[in-house]
Amino acid sequence: MKRIVALISGRGSNLRAILEADLPVTIVAVISNKPDAAGLQLAEQYGIPTQTVNHRDYPDRESFDGALADIIDAYQPDLIVLAGFMRILTDGFVIRYQGRMINIHPSLLPAFPGLDTHGQALREGVKIHGCTVHFVTPTLDHGPIIVQAAVQVLPDDTSDTLSARVLEQEHKIYPQAIQWFAEGRLHINNHGIVNLSAPKLSHDVL
Ligand code: GAR
């Protein structure tokens with residue numbers, strides 16, 4: 001089974017969705033940059049080892065990312081899952097894990113990278129908004145797109161109502177993307193586009 005390390009900063013609702021999906025993977029550790037992240041308690045309830053690497057304990061991004069990488073590498077993960085991890089990562093860190101680190105972002109990328117994506121969507125007046133799971137590359141909130149889900153923006157939406165509807169979709173597509181990774185079905189082509197190959201037939205079916 002593929003070994004996964006999840007990085008979080010907060011409540012961990014995407015982590016919960018991944019855990020509840022009962023995927024054919026082993027989550028070997030959950031690491032937070034914030035000691036009080038609620039997602040850490042959730043991981044402990046599931047018996048998953050947790051670690052905190054508090055970014056405030058490090059003078060700069062390079063030293064924080066170095067400490068984080070040392071801890072991650074000790075778990076020998078096949079995949080690193082950023083699940084509401086709210087730190088900008090250095091290029092060196094991202095390149096080290098390129099092709100085996102994925103992120104969920106609450107917009108239909110490439111629209112609305114960065115923060116306050118739901119506010120950005122409302123201010124632009126878009127009629128369709130959503131979320132994206134993508135491989136992480138050095139450009140923030142960029143990188144080969146694995147899966148997206150769309151929601152309609154309603155006339156009376158607020159940032160809160162819109163974010164709640166998008167979050168429901170996040171909880172569906174993140175487990176789906178991890179399932180595909182675990183099945184070895186995600187392939188990045190020469191143009192940086194993700195192709196999803198057909199599921200392998202099991203011997204029972206043949
Ligand atoms: C989610 O909406 C996720 O898409 C977003 O943070 C939230 C974390 O919620 N991530 C980003 O904005 C990353 N750029 P959660 O802790 O309940 O999973």
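The values are calculated or read from the model by the stated rules, or taken from the named source; none is laboratory data. The shown structure was predicted, so the numbers you read here are calculated from the model rather than taken from an experiment. Heads up, the Cβs are rebuilt from the backbone with ideal geometry, glycines too, and the neighbour counts pull from every protein chain shown. With ligands, DNA and RNA removed, areas are computed over all heavy atoms of the protein, side chains included. Shrake-Rupley method; radii C 1.70, N 1.55, O 1.52, S 1.80 Å.
Couple of notes before you dig in:
- In region 117-131, residue farthest from the ligand (Cβ to nearest atom) [restricted to those that are open to solvent by less than 80 Å² (accessible area, probe 1.4 Å) and part of a loop (DSSP other than H, G, I, E, B)]: 125
- Within region 140-150, the set of residues being in a loop (DSSP other than H, G, I, E, B) and either farther than 23 Å from residue 186 by Cα or open to solvent by 50 Å² or more (accessible area, probe 1.4 Å) (or both) comprises 140, 142.
- Residue among 176, 152, 120 that is modelled with pLDDT of 95 or more, under 25 Å from residue 100 (Cβ atoms) and among the polar types (S, T, N, Q): 176
- Residues in region 164-202 that are crowded, with 18+ Cβ neighbours inside 10 Å and in contact with a His (Cβ under 8 Å, 6 or more places away or on another chain): 166, 194.
- Leading residue by the ranking (farthest from residue 126 (Cα to Cα)) among those in region 151-198 that are in a loop (DSSP other than H, G, I, E, B) and among the β-branched types (Val, Ile, Thr): 193
- When 100, 96 are checked against the criterion of being open to solvent by 40 Å² or more (accessible area, probe 1.4 Å) and out of contact with any Asp or Glu (no Cβ under 8 Å at 6 or more places or on another chain), a single residue qualifies: 96.
- So residue 89, is it open to solvent by less than 80 Å² (accessible area, probe 1.4 Å) and among the hydrophobic types (A, V, I, L, M, F, W, C): yes
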